[in-house]
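The next block holds one structure in the form of structure tokens; read it before the comments.
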Amino acid sequence: MNNLNQKKTKNNRLYIELNNEVVALQCTSCKFIKIKEDFHKTKKHFAGISTICKKCNNEKVKEFYRKKRKLEKKNEVEA
Ligand SMILES: [Zn+2]
């Protein structure tokens, strides 16, 4: 029998535990509950899993480079 539990971290983040192992958790950005394979691994965070999913992380990286490019362009104009 599978022992599936829905729980919450101290930060009020939902996650799903199966036989005492985290199998899925909520993305703090899009708020969807996704399987842990949809998250990057990081030692800093709960269960060694990133707080945002790979999709949201990609968006953030893209946004970062977009802003960076804009800034670089601006600097070129002013220089
Ligand atoms: Zn997400």
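Bear in mind that the values in this text are calculations on the coordinates, not laboratory data. All figures in this text were calculated on a predicted structure; none of them were measured in a lab. As a convention, Cβ positions derive from the backbone with ideal geometry for all residues, glycine included, and neighbour counts pool all protein chains shown.
Mind scanning Lys7/Lys60; Lys36/Lys73; Lys8/Lys70 and naming the pairs with a C-alpha gap bigger than 32 Å? Exceeds cut-off: Lys36/Lys73; Lys8/Lys70.
Note on Lys34: aspartates and glutamates with a C-alpha under 16 Å away, same-chain residues under 8 apart excluded, are Glu17, Glu21. Computed per residue of the chain from DSSP H runs no shorter than four, each worth -39500 (n - 2.57), the mean residue ellipticity at 222 nm is -11000 deg cm²/dmol.
Below 15 angstrom from the Cβ of Lys8, what's the summed charge of the other residues (Lys, Arg +1; Asp, Glu -1)? Local net charge: +3.
Close amide H pairs (under 5 Å, H built 1.01 Å from N) link Phe32 with Cys27, residues at least 5 positions away or on another chain.
Taking one quarter of the surface of the convex hull spanned by the alpha-carbon atoms of the chain gives a direction-averaged projected area of 6.6 nm².
Taking 0.36 nm per residue of sequence separation and removing the Cα-Cα distance, the Lys60/Asn19 pair yields an extension gain of 11.5 nm.
Using only Cα atoms, find the angle between the long axis of helix 54-78 and the longest principal axis of the chain, and express it within 0 to 90 degrees, rounded to the nearest 10. Once rounded, the angle reads 10 degrees.
Using a simple spin-label model with pseudo-atoms 7 Å out from Cα toward Cβ, Lys7 and Lys67 lie 3.4 nm apart.
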